[in-house]
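Shown next, in structure tokens, is the structure this report addresses.
Where a number appears in this text, it was derived from the coordinates with a stated rule and is not lab data. Since this is a predicted model, take the numbers as computed values, not measurements. Here the Cβ positions follow ideal geometry from the backbone for every residue, glycine too, while neighbour counts run over all protein chains shown.
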């Protein structure tokens, strides 16, 4: 049974109304509210002051934090106003509620730098909280695969890369030229040093950078971009690009081969998704994930977080259903695209002129 907890201080009667309505909805669906701070909750709803949001300090990677703020003014841009709060609060999601004498709007701001609105109609509280829970449930039920097990067994002839990593590097440059790599978000400039160290310690990241790419090395291994790196300048083996050799399902851990002379960086959080696709489809030679869109494509229906088994399975199922799994284009709801190809050149030939930079939010 998934558990949840409320954190922070509820500053207004509205926030207490919101917490009570959400608690009733969660409990009616079988979720358990925990009281003891010694227990680890799967879902945390953190009430915060928008002027100085205090983060909830996770004790485990698989705890998802949703911060809620209330504003009495309508911002010029929800994303510009909400995204820094999302980062300062160390959250996976931000609920930004605007309440004035004339307005009651609820917005969800995502780490993918998008947002969407949940409408409220007077007298329709039950419908409203159903919609809120629909957005939160993927967080409360998903399983994150983020741990890496580094083995210093990369053959010496690969310490400087090979022809495959050169193609990955060139592809990263090409996507940069297409302006499809959102700039890494400078979280170290927003977070206090202590919070930044906490994030690095928990997740092994140095910044928020969206999208990734990979290419098959052989029947069991593939090269993939690292987490939080500048994908327009992929060079260092073991940091910018890493060789994935397997997945340990007992420990929910990706297995990687790295050089002995490099302090390794975690591979992209979407490694589990790429691993599933390469394992099932031996003829897939490359995969690109970008935060963009294309018309007329199949899409996942639930907005699962990056790096979760649930998202990986949902994408893998759609790849499996494609007419040609080696050349699939799959939409990730409110997120972006996963594109398979026989090689990286094949992917670029098929998407050229069809990419929509802005992911539609629904």
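When only Cα pairs below 8 angstrom with a gap of at least 6 residues are kept, the chain shows a relative contact order of 13 percent.
When you count the other C-beta atoms within 10 angstrom of each residue and take the mean per peptide, 20-31, 150-161 line up highest first as 20-31, 150-161.
Expressed to the nearest 5 percent, the antiparallel share of DSSP beta bridges inside the range 3-141 is 40 percent.
Which order do peptides 170-178, 229-237, 41-49 fall in by mean Cβ count within 10 Å, highest first?
Per-residue Cβ counts within 10 Å, averaged per peptide and sorted highest first, yield 41-49, 229-237, 170-178.
State the Cα centre-to-centre distance between the range 51-116 and the range 336-362 in whole Å. Using only Cα atoms to place each centre, the spacing works out to 29 Å. Note on the chain: antiparallel DSSP beta bridges, both residues inside, total approximately 60 percent of the bridges counted.
Look at 16, 131 and count the other Cβ atoms within 10 Å of each Cβ; fewest to most, that gives 16, 131.
Please work out whether the range 110-149 counts as rounded, prolate or oblate from its C-alpha gyration tensor, where a ≥ b ≥ c are the square roots of the eigenvalues and a/c under 1.5 means rounded, while otherwise a/b larger than b/c means prolate and anything else oblate?
On the way: a/c = 8.32, a/b = 2.19, b/c = 3.79.
Cα axes put the range 110-149 in the oblate bin.
How would the range 147-351 be classified by its alpha-carbon gyration tensor: rounded, prolate or oblate, with rounded meaning a/c under 1.5 and the a/b versus b/c comparison settling the rest? Write out the running numbers ahead of the final one.
Numbers: a/c = 1.40, a/b = 1.18, b/c = 1.19.
Verdict is rounded for the range 147-351.
Classify the range 3-141 from the C-alpha gyration tensor, please: rounded if a/c falls under 1.5, else prolate or oblate depending on whether a/b exceeds b/c. Oblate, since a/c reaches 1.5 and b/c is not below a/b. Taking the average, over residues, of other Cβ atoms within 10 Å as the packing measure, peptides 267-274, 244-251, 338-345, 67-74 rank 267-274, 338-345, 67-74, 244-251 from highest down.
Summary of the geometry: the range 208-263 and the range 277-319, compared by the centres of their Cα atoms, lie 18 Å apart.
Here Cα extents along the principal axes in Å was computed from the coordinates, and among (i) 64, 43, 37; (ii) 91, 58, 49; (iii) 63, 46, 35 the match is (i).
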